[in-house]
Each structure stands twice: as C-alpha cells, then as structure tokens.
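A.B. asks: Sharing a structure with you now.
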Amino acid sequence: MLLINKKDKSISKAVDEHNSVLPLINDYHGNILLQGTSELIQEDYMLNETIRSMTKEQLLELMEIDAKDSVALDGVWFQSVERKFGMDEAMYHDEEAWKRFSPVEARRLKKFLGLGEHPGLEGLAKALPLHIVDRANKCEVIEEEGRVINRVIDCRVQSARSRKGMEFHPCKYAAIYEYSCFASAIDDRIECRCLSCYPDVTDETCSCSWEFTLKDDSKENSELPESESN
C-alpha cells in the first residue's frame, strides 16, 4: 500500500504485505515507480496546498524565482568542483549533466505543449522560451526561413563570474550539449550549431547565439565530437 500525506497528497513511502518499505523512484516524467517493478503509481503528489492557493500573478513570480534558483544551483555545484579539482574537471561534469538533463526537460515541455512526434522548427521555437536557461536570462527566439536562432542577450552566469573577478565560464563546450540534446528531444531531425559563445565569441551584442536547422542526412553535426554524433 501507499502511505500518503493527507494534507498535501504527497507519497511518503510504499510498503508491501510484510510492512517492508519499498523504495520509490521518479521516472522523470512526473510519475513514481516502485523500484524493481513495473508498477506505476499515479497520484497527484506534485503540488502542495500553498502552491494551489496562489494567484496567477504569484505563480508567474514563483516561476521566475525557480528559474533563477535553478541557474544559481547550477553555478554553486560547478564552482565547488572548480575550486577543488579545477576547470577541466568541472567542465566534464557540466557537460555530462546537460547531456542527461536537457532531454528530460525537453520531453516534459514537449508533452506540456502538446507537440507531435516531429514538430519541426516551429515546435522548437515554442519550446525554447520555456527552457530553464531561457526563462532565467534575457533571451530572444528568432524564426527565419529554414532556421531558428536562440540568443541569450544577458547571461546570469557570466555576469556573476565577472562581478566576482572570475574568468568566464567556457560555456560553449557544455552548452552545445545543452541545446543539441534539448532540440533533438523535441524533434530528432533538428541539429544545432553554435554561432557565438565564449570562448569563441563572434557576436558582441549577446552572451551566446545558437542556430537550429532541420538535419541534412548527408552531413554529420560538426559541432559534436565524433563519438557523440554517431
């Protein structure tokens, strides 16, 4: 049986017929699974009463706070690794984290927006403004013939590092995974190309800029290492 908090409907734990606790795991799609089984537990456990009672204006403000907090958390763990093990080690884990997180986020947004299996560049243009980084920073999504461009006008991460007198984060090497994995989870025909991002800055009017196009099957995505694009 499930032990459910009567106040906010949250699942605290599950027990079997012998009263042994069964571990719960999140499948990253808003569902709970009993570990080691295929049993799906679908309960309305995500929102507590405080959130349910908020006004639209309060929820919008909370969404902005959450986005900023997520970017802050990303920076806190990165700087912790950077201080102890150096930039190279921190960048390795940054890249690995975005490889795992970006498809999860994109699939949730794809479901939220009701996008089809292959929504194309139009679907991506709808999803990008909801991407956690885009919500936390000043960004713009530009739709042009045959491509979509996402520009981060002012990056909180780089601004914070500049204020602290730290070297800029070599964002390009992690962000290519962030945006490529996000886009391909929206539509696996979409590929991403970096137009400008530190340390390869070609556009001084923004922090970074990314181009998305429908994949040409005759070409490989040159932005990713060979092991990642195969």
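A.B. asks: Under a crude label model (7 Å from the Cα following the beta-carbon direction), how far is Ala72 from Leu60 in nanometres?
C.D. replies: Taking the simple label geometry, Ala72 and Leu60 are separated by 2.2 nm.
A.B. asks: At a 10 angstrom cut-off on C-beta neighbours, averaged per residue, how do the peptides 67-76, 131-140 rank from highest to lowest?
C.D. replies: 131-140, 67-76
A.B. asks: In addition: Could you please rank Trp210, Trp77, placing first whichever residue has the fewest other Cβ atoms within 10 Å of its Cβ?
C.D. replies: So the residues, fewest neighbours to most, are Trp77, Trp210.
A.B. asks: I'd like to know which of Cys155, His118, Ile132 lies farthest towards the positive end of the charge dipole of segment 96-160, counting +1 on Cβ of Lys and Arg and -1 on Cβ of Asp and Glu.
C.D. replies: Ile132
A.B. asks: Could you sort 52-60, 115-123 so that the peptide with the highest average Cβ count within 10 Å comes first and the rest follow in order?
C.D. replies: The most tightly packed comes first, giving 115-123, 52-60.
Every read-out reported here was derived from the displayed coordinates using simple, explicitly stated rules and does not represent laboratory data. The model shown is predicted, which means the values in this text are computed figures rather than measured ones. Heads up, the Cβs are rebuilt from the backbone with ideal geometry, glycines too, and the neighbour counts pull from every protein chain shown.
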